[in-house]
Ligand SMILES: [Zn+2]
Ligand SMILES: [Zn+2]
């Protein structure tokens, strides 16, 4: 970096101090996240499930559970990751989005692109328009935008829409989640995804039922295949609210 760039960077930091994308604490220019969050962040390590993307120790997939081909995620949904996701959802936090989006893009490169998967377009899990109006933006679609830019594959965010509102999935069991999400999505312009291989993006994988329903809707409308990427995946110890019921069904 040249002298001028360094001066410019220091000046920018004075006006816009760098913040941890997960908790929002101030950080130095040589840090990506704060030291507290870096102790809690957990990257997903092999062996991972080739279907749901969870570390194998917490995978409960059965054959035929999902209609998408695979899901991959860079991070476990730990406390620090949860804070970062929360910042994306409820504060306008572009640096959180960039942090997660870049990690997701790297995972997509490693797991899909370098293994010969050809992706035609990127789509974020949509939000109902009422929720969008309340919140002002959709974090899954912001992540999809960052991923699409990073891997240089077209973004198609107006194709899949959420036409019905459903109850929040937070406290529901696995079976309840599947029922609650059934039929809420629709493809607005099927001609745009016909015979296309879609990369579907979301913030968190819990039961996988939202991804699965989106994938089902896309395939039903003529998509060739659906691969997924989410910023984080919940493992058993991090999902106490649904832990008891979720995986028994
Ligand atoms: Zn932090
Ligand atoms: Zn699995």
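Every number in this text was worked out from the coordinates using simple rules, so none of it is lab data. Remember, predicted model here, so these are calculated numbers, not experimental data. Backbone-built Cβ (ideal geometry, glycine too); neighbour counts: all protein chains shown.
Worth pointing out:
- Taking the chain and dividing mean pair separation by its residue count, relative contact order in percent (alpha carbons under 8 Å, at least six apart): 21
- Ranked packing of 122-128, 2-8, most packed first, by mean Cβ within 10 Å: 122-128, 2-8
- Taking every DSSP helix (H) stretch of at least 4 residues in the chain, weighting each as -39,500 (n - 2.57) and dividing the sum by the residue count yields a mean residue ellipticity at 222 nm of -11500 deg cm²/dmol.
- The long axis of helix 209-220 is offset from the longest Cα principal axis of the chain by roughly 60 degrees.
- For the peptides 183-195, 149-161, the ranking by packing is 149-161, 183-195, with the highest mean count of neighbouring Cβ atoms within 10 Å listed first.
- Choice from 167, 179, 18 with maximal GNM fluctuation in the chain (Cα, 10 Å cutoff): 167
- All-pairs Cα distance distribution in the stretch 42-246, expressed in whole percent, bin size 10 Å: 9, 38, 41, 12, 0
- Euclidean distance between Cα centres, the stretch 80-147 to the stretch 150-165, Å: 11
- Bridges between two residues of the stretch 71-213, per DSSP, are antiparallel at a rate of about 35%.
- Beta-bridge orientation, the chain: approximately 25 percent antiparallel, per DSSP, counting only bridges with both partners inside.
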